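Have a look at the structure below before the remarks.
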Amino acid sequence: MLEIRWHARAGQGAITAAKVLAEAAMEEGKYIQAMPEYGPERSGAPIRAYNRISTSPIRQRSQVTTPDLVVVVDPSLLETEDLLAGTDAAALLLINTPEDPRVVRERLQVPGRRIFTLDATRIAREEMGKNFPNTPLLGALTRMAAEVGLEGVQQQLRRELGKKVTPAVLESNLRALERGYREVRGEESEGEQS
């Protein structure tokens, strides 16, 4: 089972991304969960969202406390949240930042961690004209985790957004998703680029 914890601020689309990911996995025959956690419902407040994806039924009904993958949608949370809580050395970190994974590793002082970075904010602004880094990060996550394919996420994004936005906005989101998939940078281990 893959367990994912998203760290974001309200309004950045982490809850929508968790939902799209879960529904894409479900369409591929997986068992899924997607759930939000937030306090005061105000834009900019820190929030968390969670996913579980499995090939067998999921019996747990709680928050994800030991994630295999942590997605940081807002890089300012690196300074204020305990993003590594409940993780072990095998957990992957995906962080929205223009910085190289090695620089982030040194700054966070997490030797041996598998860190992936993506300038999702830049991609979102270039492709969508708005700061919705959730879509490029969803593309990056799809590349990192084999549990869900890019094509399935594209189809689910079309279903989720197709009824709500213009065709041009939908296409800009699909471009941002694909760029996230292509542009994510990772470091498998010390000194090894993926």
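Summary of computed values
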{"item": "Cα centroid of region 114-150 to Cα centroid of region 1-73, whole Å", "result": "15"}
{"item": "Within a Gaussian network of the chain (alpha carbon springs, distance under 10 Å), most fluctuating of Glu27, Glu183, Glu81", "result": "Glu81"}
{"item": "Most fluctuating residue given options Gly152, Gly13, Gly44, as computed from a GNM of the chain linking Cα atoms under 10 Å", "result": "Gly44"}
{"item": "Proximal lysines to Lys130, defined as alpha-carbon separation beneath 29 angstrom and excluding residues fewer than eight positions away on the same chain", "result": "Lys19, Lys163, Lys164"}
{"item": "Protein accessible area in the chain, 1.4 Å probe - carbon and sulfur %", "result": "49"}
{"item": "Average accessible area per residue (Å²) across the chain - probe 1.4 Å, nucleic acids and ligands excluded", "result": "47"}
{"item": "Fluctuation leader among Gly11, Gly180, Gly86 - the chain, Gaussian network, Cα springs under 10 angstrom", "result": "Gly86"}
{"item": "Residue order for Ile95, Ile32 - accessible surface, 1.4 angstrom probe, largest first", "result": "Ile32, Ile95"}
{"item": "Relative contact order (%) - region 52-194, alpha-carbon pairs under 8 angstrom, separation at least six", "result": "22"}
{"item": "Debye, to nearest 20: dipole size of the chain, +1 on Lys, Arg Cβ, -1 on Asp, Glu Cβ", "result": "600"}
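The values are calculated or read from the model by the stated rules, or taken from the named source; none is laboratory data. Given the structure is predicted, the values throughout are model-derived calculations rather than measurements. Glycine gets a Cβ as well: all are built from the backbone with ideal geometry, and neighbour counts include every protein chain shown. Areas reflect the complete protein model, heavy atoms only, side chains present, ligands, DNA and RNA absent. Shrake-Rupley method; radii C 1.70, N 1.55, O 1.52, S 1.80 Å.
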